[in-house]
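Below: the structure, in structure tokens.
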Amino acid sequence: MQRSVPFHPCDAEESHVTLYLYEITPDATDAAAVGQLLKTLDAEIAGGGGELIEAQVTAQRRRVFAIAEFAQDAHALDATQLATAAIAGPHQVRLVGADLSVLKAARPQAGYLVEWDLPADLDMESYLARKKANAPKYADVPEVQFLRTYVREDMDKCLCFYDAPDEAAVRRARDAVSTPIDRLYGLDGPLT
């Protein structure tokens, strides 16, 4: 089955909200501790005037990638308060390939996350043009569904989410769109 992949620029600009990425390294990686971390994270973000859009946890629960929406400036998080080893962010991100309102309503499952450290000479306009041109090539790997990408506004890196049967399929999809993989994670699922 050939599947077309829609290309949607971030709708955050039109609605005057801003998305932020927090990358968290938990102190403890057992399911109960990470579950409590996510509850505390959600409360902290809400207390700072934001909304936790999604939190994706890597398969071994060593990393948490959280996206939050704020109408104003992002809320800084305290690693001690969250009982985490480290927190990177907040880093402003742009949602590409999905509609924010649909994402918020559906909270879709992602099986894999790819981190790509963007080349220093790549700007946002060029990235978006490349993404739009390459999106139809995902149809060459029908067993993989591209879900969404968050691109850091500082162009440091992007996070791409996929639903796929295995890592090899994700690698084939990335090859189809001629885009490298710097890190590839299996995900436990969205825990929001």
Does His91 count as of a type outside the set (A, V, I, L, M), in contact (Cβ under 8 Å) with a residue 12 or more places away in the chain and touching a Lys or Arg at 6+ places or on another chain (Cβ under 7 Å)? yes
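Residues checked against (1) polar (S, T, N, Q); (2) more than 20 Å from Thr18 (Cβ to Cβ); (3) modelled with pLDDT of 95 or more:
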{"position": "Ile45", "(1), (2), (3)": "no, no, yes"}
{"position": "Ala55", "(1), (2), (3)": "no, no, no"}
{"position": "Ala59", "(1), (2), (3)": "no, yes, no"}
{"position": "Arg63", "(1), (2), (3)": "no, yes, yes"}
{"position": "Ala79", "(1), (2), (3)": "no, yes, no"}
{"position": "Gln92", "(1), (2), (3)": "yes, no, yes"}
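Going through region 43-68 one residue at a time, which ones are of a type outside the set (A, V, I, L, M, F, W, C) and in contact with a Ser or Thr (Cβ under 7 Å, 6 or more places away or on another chain)?
Within region 43-68, Glu54, Gln60, Arg61, Arg62, Arg63 qualify.
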Filter result (surrounded by 15 or more Cβ atoms within 10 Å (Cβ to Cβ) and assigned to a helix (DSSP H, G or I)) within region 173-188: Ala173, Arg174, Ala176
Hey, any hits in region 134-149 for a residue that's of a type in the set (A, V, I, L, M) and surrounded by 21 or more Cβ atoms within 10 Å (Cβ to Cβ)? yes
Across (1) touching a residue at least 60 places away in the same chain (Cβ under 8 Å); (2) surrounded by fewer than 15 Cβ atoms within 10 Å (Cβ to Cβ), Lys131 clears everything bar (2)
Of everything in region 61-95, what is touching a helix residue (DSSP H, G or I) at 6+ places or on another chain (Cβ under 8 Å), polar (S, T, N, Q) and surrounded by fewer than 17 Cβ atoms within 10 Å (Cβ to Cβ)? Give them in sequence order. Gln81
Just checking, which of Ala110, Ala105 is within 24 Å of Leu41 (Cβ to Cβ) and in a loop (DSSP other than H, G, I, E, B)? Ala110
Any idea which of (1) assigned to a strand (DSSP E or B); (2) more than 15 Å from the chain's Cα centre (by Cα); (3) not basic (Lys, Arg) is the one Pro119 doesn't satisfy? (1)
What number goes with the only condition from (1) assigned to a loop (DSSP other than H, G, I, E, B); (2) surrounded by 13 or more Cβ atoms within 10 Å (Cβ to Cβ); (3) touching a residue at least 60 places away in the same chain (Cβ under 8 Å) that Phe161 does not pass? (1)
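The values are calculated or read from the model by the stated rules, or taken from the named source; none is laboratory data. Quantities reported herein were computed from a predicted structural model and do not represent experimental measurements. So basically every Cβ, Gly included, is an ideal-geometry build from the backbone, and we count neighbours across all protein chains shown.
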